[in-house]
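Right, one structure below, let's go through it.
The values are calculated or read from the model by the stated rules, or taken from the named source; none is laboratory data. The structure displayed is predicted, hence computed values, not measured ones. Here Cβ is always computed from backbone atoms with ideal geometry, including for glycine, and neighbour counts include all displayed protein chains. The accessibility values were calculated without ligands, DNA or RNA, using every heavy atom of the protein model including side chains. Shrake-Rupley method; radii C 1.70, N 1.55, O 1.52, S 1.80 Å.
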Amino acid sequence: MLKRGMAAVAALALASSGAAAQETVKIGLVLPMTGQQASTGKQIEAAVKLYQAQHGNMVAGKKIEVILKDDTTVPDVTKRLATELVTNDKVAFLAGFGITPSAMSTAPVATQAKVPEIVMAAGTSSITEASPFIARTSFTLAQSSVPMAEWAFKNGIKKVVTLVSDYGPGIDAEKSFSDKFKADGGTIVENLRIPMRSPDFSPVLQKVADAKPDALFVFVPSGTGAQFVKQFVERGLDKSGVKLIATGDVTDDDQLNGMGDAVVGVINAHNYSANHNSALNKSFVEGFKKANSGMRPNFMAVGGYDGMHLIYEALKKTNGDTDGTKLMTAIKGMAWESPRGPISIDPDTRDIVQNIYIRKVQKVDGELYNVEFDTIANVKDPVKAAKK
Ligand code: PHB
């Protein structure tokens, strides 16, 4: 009797702890809070906090708890932290992922645990193919590089040198820009690459000066643009007649205002500008600045904000059920208005579909902004589209 009684108590304790655990839905947010991509971590953390401040922390009757971990911009650390979050904390979602290698290293963890991995920052096309549990709210480099190539050729640029960071997103940017530019009739004079870690632009900029192309097309990851521009100007390339064109990663809102007048007039293509003209974006920027001592949100912040929206809405759809397969079904095809404009998750690829804007760096009320002047609507990842 005593034995049975004890077993019953133990079973009850187990059940109630299980029930309590189910009342909280945990999100493991793995970000580079230190190391080379720390600006991405800072932007996304702020955006996640803003989303929760605006939308509360209860969804479908469950309390949402975000557990933030710093992967120090090291992919092996990302994987270890993600594994611990799944095993020990029993998170229902993995989210964040500041760089492609971090998103990739976590893919097997997501697949094995059947836990959705929401990529809020990284941009290599193939990431979403690494696990059926990955969905992306950031962008792909091909999404902005193809429209940039098209704009360049249409606007009289015939000879281009490309310069990219030598890893996943840079290689995607180089290839998608070059393929489109050549298909349109342009000439790629040279494809230059620089190391992702601690880049020194001097040797490659000398090559650009020697090649004298009509334009230099650049991709460097968020947070590195200012350093690139500084060396571009130091080498006198801003006055050499070589036009600078880029993905919007280079003229990143996080750093743009400090880049100086040398970047005024730079044409670039991207998914988000803090200057985007919509009521939703105005209130997003205002709320973000207010909560973060005037810091301007960049495209990484928007990826984080929309990633939280995706998680909240998926949980609403499953009525709080945290089964990973059900959550992925809820995620596929979801569409909503983001501060960047209308977006959706492609139900076939789980990748983001979004507008790409052609922008020109201009002074607005004394501050530098990417001012949008053309829109390519509902762009799917061109790399995956080409495979079909
Ligand atoms: C990436 O590592 O995928 C990445 C990082 C920063 C960017 C774009 C892509 O701005």
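For this structure, a couple of remarks:
- Matching residues, segment 271-325, being surrounded by fewer than 19 Cβ atoms within 10 Å (Cβ to Cβ) and among the acidic types (Asp, Glu): 286, 313, 321, 323
- Residues of segment 342-388 that are assigned to a loop (DSSP other than H, G, I, E, B) and among the acidic types (Asp, Glu): 346, 348, 351, 365, 381.
- Every residue from segment 141-163 that is farther than 25 Å from residue 346 by Cβ, out of contact with any Leu (no Cβ under 6 Å at 6 or more places or on another chain) and within 16 Å of the ligand (Cβ to nearest atom): 162
- Hey, residue 254 open to solvent by less than 50 Å² (accessible area, probe 1.4 Å) and either farther than 25 Å from residue 369 by Cβ or within 16 Å of the ligand (Cβ to nearest atom) (or both) or not: yes
- Between 43, 54, the distinction of being assigned to a helix (DSSP H, G or I), modelled with pLDDT of 95 or more, more than 16 Å from the ligand (Cβ to nearest atom) and closer than 24 Å to residue 293 by Cβ belongs to 54 only.
- Every pair of residues 6+ apart whose Cβ atoms lie under 6 Å, when the first sits in segment 304-331 and is in the same structural domain as residue 23 (by TED's automatic domain parsing) while the second is open to solvent by 30 Å² or more (accessible area, probe 1.4 Å) and polar (S, T, N, Q): none
- The listed residues are 192, 205, 216, 244, and the only one of them that is buried (at least 16 other Cβ atoms within 10 Å of the Cβ), part of a helix (DSSP H, G or I) and not polar (S, T, N, Q) turns out to be 205.
- Considering residues of segment 95-116 that are away from the ligand (no atom under 14 Å from the Cβ) and farther than 14 Å from residue 328 by Cα only, the residue most open to solvent (accessible area, probe 1.4 Å): 112
- For segment 130-140, the set of residues classified as within 21 Å of residue 335 (Cα to Cα) and within 14 Å of the ligand (Cβ to nearest atom) consists of 134, 136, 137, 138, 139, 140, listed by residue number.
- Tally, over segment 172-224, of residues that are modelled with pLDDT of 95 or more and either away from the ligand (no atom under 16 Å from the Cβ) or not assigned by TED's automatic domain parsing to the domain that holds residue 160 (or both): 29
- Criterion violated by residue 232 - all others in (1) more than 16 Å from the ligand (Cβ to nearest atom); (2) open to solvent by less than 20 Å² (accessible area, probe 1.4 Å); (3) touching a Leu at 6+ places or on another chain (Cβ under 6 Å) satisfied: (3)
- Residue within segment 117-128 that is more than 16 Å from the ligand (Cβ to nearest atom) and either at pLDDT 95 or above or assigned to a strand (DSSP E or B) (or both) present: no
One line per residue, one yes/no per condition, for (1) charged (D, E, K, R); (2) in contact with a Cys (Cβ under 7 Å, 6 or more places away or on another chain); (3) without any contact (Cβ under 8 Å) to a residue 40 or more places away in the chain; (4) assigned to a loop (DSSP other than H, G, I, E, B):
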| residue | (1), (2), (3), (4) |
| --- | --- |
| 222 | no, no, no, yes |
| 226 | no, no, yes, no |
| 250 | no, no, yes, yes |
| 254 | yes, no, no, yes |
| 275 | no, no, no, yes |
| 284 | no, no, no, no |
| 295 | no, no, no, yes |
